[in-house]
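This report refers to the structure that appears directly beneath it.
The values are calculated or read from the model by the stated rules, or taken from the named source; none is laboratory data. Remember, predicted model here, so these are calculated numbers, not experimental data. Neighbour counts are summed over all protein chains in view; Cβ atoms, including those assigned to glycine, are modelled from backbone coordinates with ideal geometry. Only protein heavy atoms, including side chains, enter the accessible area calculation; ligands, DNA and RNA are left aside. Shrake-Rupley method; radii C 1.70, N 1.55, O 1.52, S 1.80 Å.
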Amino acid sequence: MKKHKDTDYLHISARIRCIEGQLMTNAQLTRLAEAGSAAEAAKLLEEKGWPAFDWRDMGQAERAIGQRRRQVMDLLYQHCPEPRLIEVFRLKYDYHNIKAILKGDAQRVDPLPLLSDAALIPPKDLIRMMRENELDAMNPVMAEAVLQAKEMLDRTGDPQLSDMALDRAECQQTLETARASGSEFLIGYVRRSVDCSNLRTALRLSRMGKGLDYAQRAINPGGSISPEAFYEPMTPEYIDKLLSGTPLEPAAESARRALEGGGFAPLDKACDDLLIEYARSARMVPFGEQTAIAYLLASEAEFAAVRSVLAGKNAGLSTDKIMERLRISYVV
């Protein structure tokens with residue numbers, strides 16, 4: 001594997017510095033949440049480079065998000081010296097598509113409308129590969145997980161069990177791809193993401209009263225906190241001990257509240273905000289792979305924020321309720 005130097009990223013870093021101003025700031029997201037009409041919301045998004053669409057139609061919103069995501073992915077793939085930096089973020093869409101195909105086929109429903117074209121494997125090709133059991137072209141980790149998940153779903157009829165097999169494979173393949181990219185910054189992001197996912201899973205299992213056997217299936221390796229630490233019974237005191245001195249320590253209060261019966265939305269927000277804060281640290285780097293990774297993270301965070309605002313408005317939530325769920329922006 002060729003080791004890329006920071007200077008190899010001079011071109012893409014310069015491009016990103018020129019266009020990252022198109023990302024929405026916290027103030028602009030607030031304006032979007034406060035928009036009183038479709039025209040007002042559309043104008044604000046169009047000012048930031050979004051295609052025209054009616055925010056009252058979430059189908060149109062998802063297509064607009066998909067279009068923006070393709071633009072970002074195409075830009076980075078075209079100019080980034082190390083494509084595996086980008087592949088790390090596309091893998092989740094492959095695994096999303098695999099889950100949708102397995103469940104769609106089990107229910108005799110066409111899964112194609114639910115599939116994302118941001119994945120590494122084109123959706124139609126993935127459907128053919130899975131239905132014809134032609135998995136040789138897949139990464140071996142993914143291929144083995146597909147076989148396990150399909151067998152489990154056929155045998156038990158429980159999609160949660162098959163999803164857990166795929167989630168574990170996704171964590172493994174994502175971390176392997178991040179390591180192969182040679183970027184410590186990317187590895188740090190992936191490990192933090194695994195920690196956040198494991199924390200939320202452990203708290204949900206605790207509230208559901210699930211035992212050790214279930215936890216061993218649902219908690220994934222690859223984070224900075226060992227999986228075994230999440231097997232312990234969750235108490236407010238243990239959460240403080242578990243997260244103390246780790247990157248997740250700022251999420252401890254939200255975790256305690258979720259354990260004690262509160263909603264998980266504040267914890268989800270706290271975890272997502274931690275990941276954006278991590279991405280923001282790349283703004284101090286003039287050029288390098290950190291710039292490309294952070295821009296992709298910032299773009300994904302913006303897509304999630306726009307989706308959250310528009311979904312909240314369509315659900316009739318107040319501006320205050322929408323703002324409670326709104327993540328921080330990469331651009332202050």
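Listed values for segment 286-300 are Karplus-derived 3J(HN,Hα) couplings in whole Hz (6.51 cos²θ - 1.76 cosθ + 1.60, θ = phi - 60°), namely x, 7, x, 5, 4, 5, 5, 5, 5, 5, 5, 4, 5, 5, 4, and x replaces Gly and Pro. Helices in the chain, meaning DSSP H runs of at least 4 residues, each add -39500 (n - 2.57). Divided by all residues, the mean residue ellipticity at 222 nm is -21500 deg cm²/dmol.
Would you mind working out the magnitude of the charge dipole of the chain relative to its Cα centre, with +1 at each Lys and Arg C-beta and -1 at each Asp and Glu C-beta, to the nearest 20 Debye? Spell out each step's value before the answer.
Details: 44 positive and 48 negative charges, 81 e Å.
Dipole about the Cα centre, nearest 20: 400 debye.
For the chain, the relative contact order comes to 24 percent (Cα pairs under 8 Å, sequence separation of at least 6). Is the shape of the chain best called rounded, prolate or oblate, per the rule: a/c under 1.5 gives rounded, else a/b larger than b/c gives prolate, else oblate, with a ≥ b ≥ c the square roots of the Cα gyration tensor eigenvalues? It comes out rounded by the Cα gyration axes. To the nearest Å, what is the center-to-center distance of segment 140-159 and segment 85-128, using C-alpha atoms only? Between the Cα centre of segment 140-159 and that of segment 85-128, the gap is 15 Å. Between Val331 and any residue 5 or more places off or on another chain, the built amide H atoms are never under 5 Å apart.
Taking θ as phi - 60° and the Karplus parameters 6.51, -1.76 and 1.60, the scalar couplings of segment 138-153 work out to 7, 4, x, 5, 5, 4, 5, 5, 4, 4, 5, 5, 5, 4, 5, 5 Hz in sequence order, x denoting glycine and proline. With a ≥ b ≥ c the root eigenvalues of the C-alpha gyration tensor of segment 93-244, is it rounded (a/c under 1.5), prolate (a/b larger than b/c) or oblate? Oblate, because a/c is 1.5 or more while a/b does not exceed b/c.
If you take the square roots of the eigenvalues of the alpha-carbon gyration tensor of segment 266-308 and sort them as a ≥ b ≥ c, do you get rounded (a/c under 1.5), prolate (a/b over b/c) or oblate? Could the numbers behind the result be given before it?
On the way: a/c = 3.65, a/b = 1.74, b/c = 2.09.
Here segment 266-308 falls in the oblate category.
If R0 is 45 Å, the Cβ-Cβ spacing of Thr7 and Asp136 corresponds to a FRET efficiency of close to 0.70.
Students often get this wrong: which residues of segment 295-332 have the backbone nitrogen under 13 Å from the point 7 angstrom along Cα-to-C-beta of Met58? Those under the cut-off are 307-317. Taking θ as phi - 60° and the Karplus parameters 6.51, -1.76 and 1.60, the scalar couplings of segment 170-183 work out to 4, 4, 5, 5, 5, 5, 4, 5, 4, 5, 5, 6, x, 9 Hz in sequence order, x denoting glycine and proline. Across Arg217, Arg192, the residue with the most accessible area heads the list, and the full order at a 1.4 Å probe is Arg217, Arg192.
Extension gain, Lys241-Glu228: 0.36 nm per intervening residue step, less the Cα-Cα distance, totals 3.3 nm. Heavy-atom accessible surface of segment 50-144, averaged per residue, reaches 51 Å², computed with a 1.4 Å probe.
Mean sequence separation of contacting Cα pairs (under 8 Å, at least six apart), scaled by the length of segment 189-332, corresponds to a relative contact order of 21 percent. The length gained by stretching the chain between Ser318 and Asp117 to full extension, at 0.36 nm per residue less their Cα-Cα distance, is 69.1 nm.
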